[in-house]
1. Which number in (1) over 21 Å from ILE178 (Cβ atoms); (2) of a type outside the set (Ser, Thr, Tyr); (3) open to solvent by less than 20 Å² (accessible area, probe 1.4 Å) marks the one condition that ALA77 misses?
2. If a residue must be in contact (Cβ under 8 Å) with a residue 40 or more places away in the chain and either farther than 23 Å from GLN110 by Cα or assigned to a loop (DSSP other than H, G, I, E, B) (or both), how many such residues does segment 72-87 contain?
3. What about ASP40, is it under 20 Å from the mean Cα position of the chain (by Cα) and of a type in the set (Asp, Glu)?
4. Let me confirm something: among GLU240, GLU172, which residue is exposed (fewer than 12 other Cβ atoms within 10 Å of the Cβ), of a type outside the set (Phe, Trp, Tyr), closer than 30 Å to ALA128 by Cβ and at pLDDT 70 or above?
5. When only residues in segment 150-167 that are in contact (Cβ under 8 Å) with a residue 24 or more places away in the chain and out of contact with any helix residue (DSSP H, G or I) (no Cβ under 7 Å at 6 or more places or on another chain) count, which is least open to solvent (accessible area, probe 1.4 Å)?
6. So, in segment 27-51, of the ones that are not charged (D, E, K, R) and not in a helix (DSSP H, G or I), which residue ends up farthest from LEU139 (Cα to Cα)?
7. Would you be able to tell me the number of residues in segment 46-70 that are open to solvent by 30 Å² or more (accessible area, probe 1.4 Å) and in contact (Cβ under 8 Å) with a residue 24 or more places away in the chain?
Amino acid sequence: MAQLAGKAAIVTGGASGIGEACSETLAREGASVLITDIDDALGKAVVERIVKAGGKARYLHHDVRDEAAWPGVIADAEKNFGRLDIMVANAGIGVMAPIETMTLADWQRQQAINLDGVFLSIKHAIPALRRQGGGSIVLMSSIAGLRGAPGLAAYSATKGGVRLLAKSVALEHAHDNIRCNSVHPGIIATPIWGKIPTGAEGNRRNAPIDPVERATMMVPLTRVGVAQDIANGVMFLCTEAANYMTGQELVIDGGITAGGRPTRPQ
C-alpha cells in the first residue's frame, strides 16, 4: 500500500537532481506533488513522467526568494489537491570561493536562495499544514551544514543555518503536530557538480567537479551516492514511520562524517 496515499506535497527545486528524485518518489508513494522550480522545461518533464506512471503532479514556475508569490504557491496546492501535508524545501545553489575573495553579491545570493527561500517555504506552509492537523517539513541541508570545508564557507553558513532552523521550527510547532527535520546529503551525483561557480569574480568559471572521483577518495563506502538515496530518506521523514521524529538530522553520506576514512586491510 502506498505510504503517502491521500497526502499532498510541495517540493521546491523539484525539476532536477535531488528535488526531481524526491518529487518522483513521493508521487510513487501516493502523494499529489506540486513541483516548483525556475527551469520550466525540466519541471514539466518531471510532471509528465509522474503522470505517465499513474501519479498526480503539477508544475509551477517559482523563485523561492519571491515572497509575494508564496501565497499563490500554497493556494495552488490546496486548490488542486485539497490540502497540504508535506513541504520539502529543497531549492538551493552552491558557490565555491575563498571567503577572502567572495563578493558580497555572491554571499547574499546564496543566502537568499539557500536560507531565505527555506524560511519562506516554512513560513507560508505552516498555516496550510495546521489546517490538516499537522504535517511534515523537510529541509535540505548538507554535511557542509555539520562541518566546515575550505572554499565552501558561505555555503556551509547557509546549510548550518538550515540545520538549526529545523530544530527551532520543530520546537515552535510541535503542539501543531508539525514535524520539521533536516536532511544532510554527502557526495551525491547530481547536475549541480557541473554548475558550481568557482574562483573570484572576474576570474570565475564553472569548473565541473567529478563526484565519482571525489567520493572514491573521501567516502568510507568508496562510492558516490545517487539522488534516490536522499529521496528515500526524505520519503521516510514524510511517512507515519517517522511520526516520532522532529528536530533531527538525517545524515546520508556514505560514512564521511563518521570519522576518518578506514584503511583497507593489506
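1. That leaves (1) as the condition not met.
2. Looking only at segment 72-87, we keep the residues that are in contact (Cβ under 8 Å) with a residue 40 or more places away in the chain, and these are 73-74, 76-78, 80-87.
Then keep just the ones that are either farther than 23 Å from GLN110 by Cα or assigned to a loop (DSSP other than H, G, I, E, B) (or both); that gives 74, 76-78, 80-86.
The number of residues fulfilling the criteria is 11.
3. Details: under 20 Å from the mean Cα position of the chain (by Cα): yes; of a type in the set (Asp, Glu): yes.
It is true that ASP40 is under 20 Å from the mean Cα position of the chain (by Cα) and of a type in the set (Asp, Glu).
4. Details: GLU172 fails: exposed (fewer than 12 other Cβ atoms within 10 Å of the Cβ).
Result: GLU240 is the single residue among GLU240, GLU172 that is exposed (fewer than 12 other Cβ atoms within 10 Å of the Cβ), of a type outside the set (Phe, Trp, Tyr), closer than 30 Å to ALA128 by Cβ and at pLDDT 70 or above.
5. The first filter runs over segment 150-167 and keeps only residues in contact (Cβ under 8 Å) with a residue 24 or more places away in the chain, leaving 150-155, 157-159, 161-163, 165-167.
Subset that is out of contact with any helix residue (DSSP H, G or I) (no Cβ under 7 Å at 6 or more places or on another chain): 150-151, 153, 157, 166-167.
Numbers: PRO150: 125, GLY151: 26, ALA153: 46, ALA157: 44, ALA166: 1, LYS167: 56 Å².
Per the criteria, the residue is ALA166.
6. Taking segment 27-51 first, the residues not charged (D, E, K, R) are 27, 30-36, 38, 41-43, 45-47, 50-51.
Checking which are not in a helix (DSSP H, G or I) leaves us with 30-36, 38.
On the way: GLY30: 21, ALA31: 18, SER32: 19, VAL33: 16, LEU34: 16, ILE35: 15, THR36: 15, ILE38: 19 Å.
The selected residue is GLY30.
7. Here the count works out to 10.
Matching residues to (1) closer than 25 Å to VAL183 by Cα; (2) outside any helix (DSSP H, G or I):
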position: LEU4; (1), (2): yes, yes
position: ALA15; (1), (2): yes, yes
position: THR25; (1), (2): yes, no
position: TYR59; (1), (2): yes, yes
position: TRP70; (1), (2): yes, no
position: GLY94; (1), (2): yes, yes
position: PRO98; (1), (2): no, yes
position: ALA105; (1), (2): no, no
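The values are calculated or read from the model by the stated rules, or taken from the named source; none is laboratory data. For clarity, every value in this text was computed on a predicted model and none was experimentally measured. No Cβ is skipped: glycine too gets one built from the backbone with ideal geometry, and neighbour counts run over all protein chains shown. Note: areas computed on protein heavy atoms with side chains; ligands, DNA, RNA excluded. Shrake-Rupley method; radii C 1.70, N 1.55, O 1.52, S 1.80 Å.
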